[in-house]
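Just so it is clear, none of the values below were taken in a lab; they were calculated from the coordinates. These numbers come from a predicted model, not from an experiment. Note: ideal-geometry Cβ built from the backbone for every residue, glycine included; neighbour counts use all protein chains shown.
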Amino acid sequence: MQDKNFQKLLYCFKYEGNSRKIILNYKFKEKSYLYKTFVNFLLKNEDFFNFIKNYDTIVPIPISKKRQKERGYNQSDLIAKEISKKIQIPYNNVLIKSRNIIEQSKLNKEDRQKNIKGVYDLKNKEIIKNKKVILLDDIYTTGSTVNEASKILKQGNVKTISVLVLAKD
């Protein structure tokens with residue numbers, strides 16, 4: 001990956017075994033209710049809780065309208081909203097995915113970076129100006145998705161960006 005556009009990465013699980021299976025079920029097998037389990041795990045862990053509390057806002061990685069319609073939910077959005085509700089950290093969906101792309105999981109590292117380039121736009125950027133932002137995603141493989149999203153968030157003149165994911169490959 002080129003330069004990282006975020007400061008820190010925090011993840012809950014290694015993306016393997018049972019955690020991989022559960023996350024894939026959550027994401028692709030209509031098991032949206034699992035978001036509450038992930039949030040409870042995150043917030044019951046003192047390190048994760050304290051990490052999140054140090055930020056001004058939480059921003060989920062968006063998915064395309066087409067994918068949202070197919071799946072019925074955005075897995076990162078559900079988690080971000082629930083964290084926001086439980087610990088009173090403002091939720092902001094200032095990122096939008098402006099076009100459909102090939103699913104990142106189907107591509108190699110180099111193709112992922114090319115594929116994700118320029119797919120996000122920033123709306124209402126004044127909301128995040130001078131804020132410490134947590135960018136939330138489900139799976140960190142190459143970092144291309146969160147790096148591209150962070151690059152766009154920087155256009156909102158944020159103080160800092162850290163990334164929180166369920167699992168890291």
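Tabulated values for the structure
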| quantity | calculated |
| --- | --- |
| Antiparallel content of DSSP bridges confined to the chain, in %, to 5 | 15 |
| Per-residue HN-Hα couplings for the range 129-140 [Karplus 6.51, -1.76, 1.60; θ = phi - 60°; Hz; x = Gly/Pro] | 4, 6, 9, 8, 10, 9, 9, 10, 9, 8, 10, 10 |
| Computed [θ] at 222 nm, deg cm²/dmol, the chain (DSSP H ≥ 4; -39,500 (n - 2.57); rounded to nearest 500) | -12000 deg cm²/dmol |
| Net charge contributed by nearby residues that have their C-beta within less than 12 Å of Lys14 (K/R +1, D/E -1) | 0 |
| Unsatisfied cross-links (Cα-Cα over 29 Å) in the set Lys66/Lys159; Lys4/Lys106; Lys86/Lys106 | Lys66/Lys159; Lys86/Lys106 |
| Shape box of the chain [Cα atoms, principal axes, largest first, Å] | 38, 37, 29 |
